[in-house]
Each structure stands twice: as structure tokens, then as C-alpha cells.
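Notes follow once the structure below has been shown.
The values are calculated or read from the model by the stated rules, or taken from the named source; none is laboratory data. Just so we're clear, the structure is a prediction, and the values are computed from it rather than from any experiment. All Cβ positions, glycine included, derive from the backbone under ideal geometry; neighbour counts span all protein chains shown. Just the protein is used for accessible areas: all its heavy atoms, side chains included, with ligands, DNA and RNA removed. Shrake-Rupley method; radii C 1.70, N 1.55, O 1.52, S 1.80 Å.
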Amino acid sequence: MKRIIYIIFAGLCFTSCSKDIQTQLSEDVLNEEYINLEGDSVSFQEMLSEHKGKQIVIDVWASWCRDCILGLPELKALQAEKSNAVYLFLSADRNIETWKRTIEKYNIEGVHYFMPNGTKGQLGEFIDIDWIPRYLIVDSEGHIELFEAIEADDPLIRKTLN
């Protein structure tokens, strides 16, 4: 009897801790506003529409995130190897000036946006951000192909990219 209770308990813990993997972004996420490098407000939908027809690697990161900075060499290697994709960086920084300085300091190439609500915004809630960096891949039609990776050298990223 104890063994059955243990198995049920372990199963419940395992299933309740797993994340829901989404393939479509919600309207709330698509309508969330971000700030580009020029200081303009842009919705997530506008970002995706600008790159429609291409795969998009989304990197949620921050300048204060040690793992984000340490992972930049792997990210740059990925960009060199899979250059057909668009690399969209969403910063959870607390300060716009720090965000901009970090992009320049580390020569982070791609399309950059500042998340005014950080990881507490609609996207953060939707994908249940519990760690950054966080990588997602959106296909040419706007569907999520890869819901979660936390390292730029994750084999699933390369496997998913054309």
C-alpha cells in the first residue's frame, strides 16, 4: 500500500511540475508592448510580423544575468552557423541605459527590445520564465517550434533551425 501511495505521489509531483508547452502565442502576449533601441514602443505582434516568413530565435536575457553573458560565445557561434534565422533579443534589464551599454560592450548582433515589465510581463507569464537566458524558436508562420531551451548550445536549437 505504501508503495502505491508513493508511486501516485511521485507521479503527481512529476506531472504538476511540468510546463505546458504552447505552440501559439496568446493575444495578450502578442499585444504586449516593448521598447526598441530608438525608444519607440512596439508590440510583440509587430516584431513577429516584421520577420514573417523567417524562423525567429527569441533570446530572453538581461545584462545582470551571469549565464546570459557567459553564454554569448555559444550564441555567436549559433548565429554564425545558422545565419538564416532572425535573432530577436528581449531584455529583462531594469534600466534602459544599462541594456544599451551591454549590447554595445559585448557586440550582441540581432534585433533588440527592452521588456518594460521584465519577466513579469505577459510573455514571461505565458512561457513561465523561471530562468534566463531562455530561448524560443518561432517558425515562419508565427508558431512556436521550440518552447524552451536555457543554453545557446542546446542541441534542440540547432535541430529545430533550418
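A few points about this structure:
- Highlighted here are the strands (runs of 3 or more DSSP E) found entirely within segment 111-162 that include at least 1 residues which are open to solvent by less than 70 Å² (accessible area, probe 1.4 Å) and hydroxyl-bearing (S, T, Y): 111-114, 134-138.
- Failed item, numbered, when D59 is tested on (1) more than 16 Å from the chain's Cα centre (by Cα); (2) in a strand (DSSP E or B); (3) charged (D, E, K, R): (1)
- Looking only at segment 20-38, and only at residues there that are in a loop (DSSP other than H, G, I, E, B), open to solvent by 50 Å² or more (accessible area, probe 1.4 Å) and not acidic (D, E), the one that is modelled with the lowest pLDDT: I21
- Restricting segment 56-101 to residues that are of a type in the set (V, I, T) and touching a Leu at 6+ places or on another chain (Cβ under 8 Å), the residue that is surrounded by the fewest Cβ atoms within 10 Å (Cβ to Cβ): I56
- One residue stands out in segment 99-124 among those that are charged (D, E, K, R) and touching a residue at least 24 places away in the same chain (Cβ under 8 Å): the one that is nearest to E38 (Cα to Cα), namely K100.
- Among the residues making up segment 40-50, those that are out of contact with any Phe, Trp or Tyr (no Cβ under 9 Å at 6 or more places or on another chain) and open to solvent by less than 70 Å² (accessible area, probe 1.4 Å) are L48, S49.
- Qualifying positions in segment 39-56 - small (G, A, S) and not in a strand (DSSP E or B): G39, S49, G53
- Hey, G53 at pLDDT 90 or above, at positive phi and either open to solvent by 80 Å² or more (accessible area, probe 1.4 Å) or touching a helix residue (DSSP H, G or I) at 6+ places or on another chain (Cβ under 9 Å) (or both) or not: no
- Residues satisfying the stated conditions in segment 107-144, i.e. in contact with a Lys or Arg (Cβ under 9 Å, 6 or more places away or on another chain) and hydroxyl-bearing (S, T, Y): T119, S140
- Count of segment 62-89 residues which are touching a helix residue (DSSP H, G or I) at 6+ places or on another chain (Cβ under 7 Å) and in a strand (DSSP E or B): 2
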